[in-house]
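Working notes, beginning with the structure itself.
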Amino acid sequence: MNKPRIHILALGGTIATRPDATGAMQMGLGADDLVAAVPGLAAIAEIEAETVSRVGSHSLSFDTIAALAAKIRALKADGVVVTQGTDTLEETSFLLDLLLDLPIPVIVTAAMRNPSLTSPDGPGNLLAAVRVACDPWVRSHARALGVVVVMLDEVYAAADVLKIHPTRLNAFAATQTGPLAALVEDRVVPMSLPVRDAIVAARRHFGAAGTGKAAPVALLWMALDEPGHLIDAVSTDADHLGYRGAVVAAMGGGHTPERATASVLKLAAALPTVVAPRAGGGPLLRKTYGGPSSEIALREGGLMWAGRLHPLKARVLLETCLRAGLSRPVMTEIFDAFG
């Protein structure tokens, strides 16, 4: 029986670092180095490895990920594994999910412990990612699963996975939904399929959105007694400081400080503006509280609602919509579908 053909694309990140003369970790390892560190890969798959870049994920861009999506579409493979840094993995994996609709597994993985440390997790995560890409259940449900993230023997939906700690080994979780599957011994144990109706509906509008003109989105966090000066600066500047949209990470079920609310409404009149939960996820309220800074007032004032999406993921989705040249009514419909 032929083994699945798995293409590994290496972007850099902690998983691909090595120490310099001072002991500081620097980018340097390529895809072949990562594969060589996991001899067991050859037993489960035919591996082709390619180094795409050697940068930390904090330096990746929308254009980089759009180009990566195009490369993945062109591959002749039974599955794809992307290795990168963890700093933006929760964003890049979601962007790939918005841009790709493939009948093969696409897995993103990384490492929290660099190769110079005792028990680095990179080799184990790469082996687990390839196992997931080869698994019959995963392959038969590839479209239903979408792009997934594999970290520490757990499989997460790209729309739900979050980095919840800056350094800990178990830094990734899907706090709203939990993992889709777990790796036990040499098995992938399925647990659930993700609810992807909103993503599938959104993707129909995108076309070649990844190749569209850059449309930076501001991320503005609401906090105790926030006066709204930064919001005012974005909305009143002749070019909106270069931004083409904004995400407001709001309090509670979708609220802003009353002193900043006029600024938020002015911003929504100037730019497509989305409200997302600063709590990190969970559907926002729509019609519970009244008053000038309530969810009812903000929705009536033209703010789009991100539903269950984390502010970071709402920002990715909004820029993808803007790059696709979508109208506000269409964008509102897309975001509303997330709850």
If packing is taken as the average count of other Cβ atoms within 10 Å, what order do 249-255, 115-121 fall into, highest mean first? 249-255, 115-121
Straight-line reach from Lys76: which lysines fall under 29 Å, measuring Cα to Cα and dropping same-chain residues less than 8 apart? Lys3, Lys213
Helix-only estimate, please: 222 nm mean residue ellipticity of the chain, summing -39500 (n - 2.57) across DSSP H runs of length 4 or more and dividing by its residues, to the nearest 500. -9000 deg cm²/dmol
What spacing in nm lies between the two simple spin-label points modelled at Ala36 and Leu219, each 7 Å away from Cα in the Cβ direction? 3.6
Estimated inter-spin distance, Ser327 and Lys287, nm [label 7 Å along Cα→Cβ]: 2.5
Going by the alpha-carbon gyration tensor, a ≥ b ≥ c the square roots of its eigenvalues, is the range 200-336 rounded (a/c under 1.5) or, if a/c is not under 1.5, prolate (a/b greater than b/c) versus oblate? oblate
List the residues, sorted by chain then number, that are 5 or more residues from Asp87 or on another chain and whose placed amide H is less than 5 Å from its amide H. Ser57, His58
From the backbone phi of the range 194-207, what are the Karplus-calculated ³J(HN,Hα) couplings (6.51 cos²θ - 1.76 cosθ + 1.60, θ = phi - 60°) in whole Hz, Gly and Pro given as x? x, 7, 10, 4, 5, 5, 4, 5, 5, 4, 4, 8, 7, x
Would you pull out the residues with amide H under 5 Å of Ile8's amide H, same chain only if 5 or more places away, H placed 1.01 Å from N? Glu48, Ala49, Glu50, Val81
Using modelled amide H (1.01 Å from N, peptide plane; none on Pro or chain starts), what sits under 5 Å from the amide H of Leu219, excluding residues fewer than 5 places away? Val247
Pairs of Cα atoms under 8 Å, at least six residues apart: use those to get the relative contact order of the chain, whole percent. 13
Could you please state, rounded to a whole Å, how far the C-alpha centre of the range 156-235 is from the C-alpha centre of the range 239-257? 17
Over the range 1-74, what is the relative contact order in percent, taking alpha-carbon pairs closer than 8 angstrom and at least six residues apart? 39
Where a ≥ b ≥ c are root eigenvalues of the Cα gyration tensor, a/c under 1.5 meaning rounded, otherwise prolate if a/b exceeds b/c and oblate otherwise, the range 44-140 counts as oblate
Listed values (i) 22, 33, 9, 12, 18, 5, 0; (ii) 32, 53, 15, 0; (iii) 32, 58, 10, 0, entry calculated as P(r) over Cα pairs in 20 Å bins from 0, in percent: (ii)
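Read-outs throughout are calculated quantities, based only on the coordinates presented, and are distinct from any laboratory measurement. Note that the structure is predicted; figures quoted are calculated from it, not measured. Using ideal geometry, Cβ is built from the backbone for each residue, glycine included, and neighbour counts are taken over all protein chains shown.
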